[in-house]
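Some notes on the structure that comes next.
The values are calculated or read from the model by the stated rules, or taken from the named source; none is laboratory data. All values derive from a computational prediction rather than experimental measurement. Cβ placement follows ideal geometry from the backbone for every residue including glycine, while neighbour counts extend to all protein chains displayed. Accessible surface is based on the protein model in full, side chains and every heavy atom, while ligands, DNA and RNA are left aside. Shrake-Rupley method; radii C 1.70, N 1.55, O 1.52, S 1.80 Å.
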Amino acid sequence: MSSQTGVTPSLRFGQVVIGPPGSGKTTYCQGMQEFLTRMGRKVVVVNMDPANEQLPYSCAVDISELVTLDDVMEGLKLGPNGGLLYCMEYVEANLDWLENKLKQHSDCYFLFDCPGQVELYTHQSSVKNIFSQLAKWNFRLTAVHLVDSHYCADPAKFISVLCTSLSTMLHVELPHVNILSKMDLIEQYGKLAFNLDFYTEVMDLTYLLDHLAADPFFKKFHRLNVKLAEVIQDYSLVSFVPLNVQDRESMIQVLRAVDKANGYCFGDLEERNLQAMMSAAVGADFQFDSTLGVQERYVETSGKTVEEEMLDL
């Protein structure tokens, strides 16, 4: 582990990018790296995924130099899931390697591109322990949890996403920003039953339960769905920020949420005006206008009045 020198390392900010496989984590890291670089931030991307072989971004620290999934699967005769769990346990046992690599990059903003296996963030403790050790090394991190936005079009999948997001937030124990990624594809698999802000702010889930009750398959699980919705609403922790990596305004909204979560906006690494700091302090950066703008760009409107939509429900 870390050598006891008695010297406190300098404060470093960053993001740990997590989420299910295929949710766009690597694409997000590439886009955020380019976006922050244009803003003038010195960015370092750390690949924490031992299965990520083809990286589209310039990688300063690559965990595959320490361990790769292919080597573990071949050497220990494990499948991809068990192999990935072993890889992260191996990283946890060799944190001195990671510390020495990170020490080479001072005064930088860090993006940690993490593996996509869900149980790493809901059940298994290795990744959580790695994040805790990063905090001890004076990293101030925000967990950026990406999920595909098209799950909003399916009430059952959306409730599942909410459960996964809540479980991840409680297990990882970091400041957390949930992201609906690939907003340009949000209606690829079906139309949204409600306005976008219903999903981003996770409003009254009883309306979704009514939709599920109309499905013969889910009707027999109605009581279970009601209890799951109650758990989500009792915690009242989950909300989402919509994101299209190719949209500048969308990236700005995400970065504001992340900088507010890890405290970067209160630092002195960049010039910041008093109004922006006070806005973050009192939570005055309301999301309604930005969400409405995203909906106008990516969600096809039905043209119905509120009364007509209620009659449909």
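Given the structure, is Val258 β-branched (Val, Ile, Thr) and at pLDDT 90 or above?
Yes; evaluated as a whole, the condition is true for this residue.
Which numbered condition trips up Leu208, out of (1) open to solvent by less than 50 Å² (accessible area, probe 1.4 Å); (2) touching a Phe, Trp or Tyr at 6+ places or on another chain (Cβ under 9 Å); (3) free of Cβ contacts under 8 Å to residues at least 40 places away in the same chain?
Leu208 satisfies all of (1) open to solvent by less than 50 Å² (accessible area, probe 1.4 Å); (2) touching a Phe, Trp or Tyr at 6+ places or on another chain (Cβ under 9 Å); (3) free of Cβ contacts under 8 Å to residues at least 40 places away in the same chain except (3).
Quick check on the stretch 108-118. Is at least one of its residues farther than 28 Å from Ser165 by Cβ and over 23 Å from the mean Cα position of the chain (by Cα)?
No, there is no match, as no residue in the stretch 108-118 is farther than 28 Å from Ser165 by Cβ and over 23 Å from the mean Cα position of the chain (by Cα).
Which one is farthest from the chain's Cα centre (by Cα) among residues in the stretch 185-209 that are hydrophobic (A, V, I, L, M, F, W, C) and part of a helix (DSSP H, G or I)?
Restricting attention to the stretch 185-209, the residues satisfying the condition of being hydrophobic (A, V, I, L, M, F, W, C) are 185-186, 192-194, 196, 198, 202-203, 205, 208-209.
Pick out the ones that are also part of a helix (DSSP H, G or I) and you get 185, 196, 198, 208-209.
Numbers: Leu185: 18, Leu196: 18, Phe198: 19, Leu208: 23, Leu209: 25 Å.
So the residue we want is Leu209.
Output yes when any residue across the stretch 231-249 is open to solvent by less than 50 Å² (accessible area, probe 1.4 Å) and acidic (Asp, Glu), and no when none is.
Yes: the stretch 231-249 contains one or more residues that are open to solvent by less than 50 Å² (accessible area, probe 1.4 Å) and acidic (Asp, Glu).
Considering each of Leu146, Leu196, Leu111 in turn, give the residue that is more than 22 Å from Gly31 (Cα to Cα) and either in contact with a strand residue (DSSP E or B) (Cβ under 8 Å, 6 or more places away or on another chain) or surrounded by 22 or more Cβ atoms within 10 Å (Cβ to Cβ) (or both).
From the options Leu146, Leu196, Leu111, the qualifying one is Leu196.
Hey, can you tell me all the residues within the stretch 130-143 that are hydroxyl-bearing (Ser, Thr, Tyr) and open to solvent by less than 30 Å² (accessible area, probe 1.4 Å)?
Correct list: Thr142 only.
Are any of the residues in the stretch 172-184 in a helix (DSSP H, G or I), touching a Phe, Trp or Tyr at 6+ places or on another chain (Cβ under 9 Å), at pLDDT below 90 and open to solvent by 50 Å² or more (accessible area, probe 1.4 Å)?
The first filter runs over the stretch 172-184 and keeps only residues in a helix (DSSP H, G or I), leaving 172, 183-184.
If we keep only those that are touching a Phe, Trp or Tyr at 6+ places or on another chain (Cβ under 9 Å) as well, we get 172, 183-184.
From what is left, the residues that are at pLDDT below 90 are 183-184.
Of the ones still in play, those that are also open to solvent by 50 Å² or more (accessible area, probe 1.4 Å) are 184.
Yes: the stretch 172-184 contains one or more residues that are in a helix (DSSP H, G or I), touching a Phe, Trp or Tyr at 6+ places or on another chain (Cβ under 9 Å), at pLDDT below 90 and open to solvent by 50 Å² or more (accessible area, probe 1.4 Å).
All but one of (1) open to solvent by less than 50 Å² (accessible area, probe 1.4 Å); (2) within 20 Å of Ser23 (Cα to Cα) hold for His123; which doesn't?
Here His123 clears every test but (1).
How many residues are open to solvent by less than 100 Å² (accessible area, probe 1.4 Å), assigned to a helix (DSSP H, G or I) and aromatic (Phe, Trp, Tyr) if we restrict to the stretch 211-230?
The qualifying residues number 1.
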